[in-house]
Amino acid sequence: MRVEKIAIAGYDEVYRLEDPDGFVALHRCRIGPAHGGTRIKDYASPEDALADALRLGEAMTRKCAINEIPAGGGKAVLMRNSIRDRRAALSDLGDFVESLRGRFFTGSDLGTTPEDIEILKSRTRYVACQDLSEHAAQGVLFAIHGALQCLYGRPESWGRTIIVQGLGAVGYKLADKLVSDGARVVATDVDSARLRQAEQELSIETVPPESVLATSGDVLAPCAVGGVIHRGVLSELRCAIVCGAANNILDSDATAQPLHDAGIVFVPDFLANSGATIQGVLTNLKGPGDYTAQIRAIKDRTVRLLQVARETRRPPLDVALEWIRC
Ligand code: NAD
């Protein structure tokens, strides 16, 4: 693997990888180590891979900053179609991460398997890995409670309709928690087997993936992929709140304003889905422990954020970005 440092405005360190092709983007690694998983995915072009690494790395910085955790964000992406020998590719990436001497901690993300993580761990000390989907789901639930509190004066999801897009590691657990809370959950997934399993195991209603955004409810919780909310779908939405686990739910920060103008409250995903980051990064910085109290604080942060946004008549995302200024 060849590695070349490239300069990208606004980022502390960015590296282009060759053979296999990819990028390591450290958005912030000066206030504390950058944390972020390794994504292995088919990208149409190196430009797409770089854009993904940059945006995901910045999102990690935002998650740390909004929770006042002294760490930054980063991301490694490998272009799957350029990998000839997976073991060698991950070994090389591990060696490179080790050479960064703790400025970057990586772990699992989309496209990585437990075997991949074992290879990384065999080459570098700087691997933070565990399945954090439970903590992510907890955090989203607390954010939903905060948003409901702000909008309706009570946090409980009991009697509310919550629409969950994507019943994967996080979405499934979130749907389960919401059902236990007494919410009416309407959910979808492009994986029909997953959807059938959820129908059998949880008391949920289901809708086809293509009609989920237009389903009426109190909260739309995107828990599948990023970019699902863009200008083109705003007139379809029939929810009061958007609050979910997916990273970068909005196609761009600029969509926050028209979403706000449409009267829909958006809880920034870097706050709502930060439960996994809180658990993962604090474990790394302070050692294994129970960080539930810090994850629970997502609810109060959400309430404060939405209150300020309401008082100042601004999109919550704009207020949150002003708070964290990074
Ligand atoms: P996952 O791969 O386990 O689940 C995603 C699910 O979404 C899958 O079941 C998939 O079939 C479904 N899906 C994909 N496209 C869809 C579509 N268009 N419509 C409906 N369903 C669709 O992923 P996950 O770990 O549950 O993560 C979900 C999202 O949350 C991702 O955006 C991820 O980046 C983000 N996130 C995950 C964690 C975590 O700890 N796992 C933490 C923070 C954020």
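The values are calculated or read from the model by the stated rules, or taken from the named source; none is laboratory data. Keep in mind it's a predicted model, so treat the numbers as computed, not measured. Backbone-built Cβ (ideal geometry, glycine too); neighbour counts: all protein chains shown. Accessible surface areas use protein heavy atoms only, side chains included; no ligands, DNA or RNA. Shrake-Rupley method; radii C 1.70, N 1.55, O 1.52, S 1.80 Å.
Restricting attention to the stretch 266-312, the residues being away from the ligand (no atom under 13 Å from the Cβ), in a loop (DSSP other than H, G, I, E, B) and open to solvent by less than 30 Å² (accessible area, probe 1.4 Å) number 3.
Among the listed residues GLY226, GLY244, identify the single one that is modelled with pLDDT under 95 and either within 10 Å of the ligand (Cβ to nearest atom) or part of a helix (DSSP H, G or I) (or both).
GLY226
Kindly evaluate THR206 against the criterion of being of a type in the set (Ser, Thr, Tyr), open to solvent by less than 20 Å² (accessible area, probe 1.4 Å) and modelled with pLDDT of 95 or more. Here the answer is no, as THR206 does not meet what is asked. Checked against (1) open to solvent by 50 Å² or more (accessible area, probe 1.4 Å); (2) within 9 Å of the ligand (Cβ to nearest atom); (3) not in a loop (DSSP other than H, G, I, E, B), LEU110 passes all but condition (3).
Among the residues of the stretch 69-93, just one is in a helix (DSSP H, G or I), surrounded by fewer than 20 Cβ atoms within 10 Å (Cβ to Cβ) and among the hydrophobic types (A, V, I, L, M, F, W, C), namely ALA88.
Across the stretch 209-234, the number of residues qualifying as free of Cβ contacts under 8 Å to residues at least 24 places away in the same chain and open to solvent by 50 Å² or more (accessible area, probe 1.4 Å) comes to 2. Assessment of the stretch 129-141 against the conditions (modelled with pLDDT of 95 or more, buried (at least 18 other Cβ atoms within 10 Å of the Cβ) and over 21 Å from HIS35 (Cβ atoms)) yields at least one matching residue.
Residue selection: PHE96 fails the criterion of being at pLDDT 95 or above and outside any helix (DSSP H, G or I).
For GLY182, the test of being in a helix (DSSP H, G or I), open to solvent by less than 40 Å² (accessible area, probe 1.4 Å) and either touching a helix residue (DSSP H, G or I) at 6+ places or on another chain (Cβ under 8 Å) or more than 22 Å from PRO209 (Cα to Cα) (or both) is failed. Considering the stretch 188-200, and only residues there that are near the ligand (Cβ under 9 Å from one of its atoms) and not basic (Lys, Arg), the residue that is least open to solvent (accessible area, probe 1.4 Å) turns out to be THR188.
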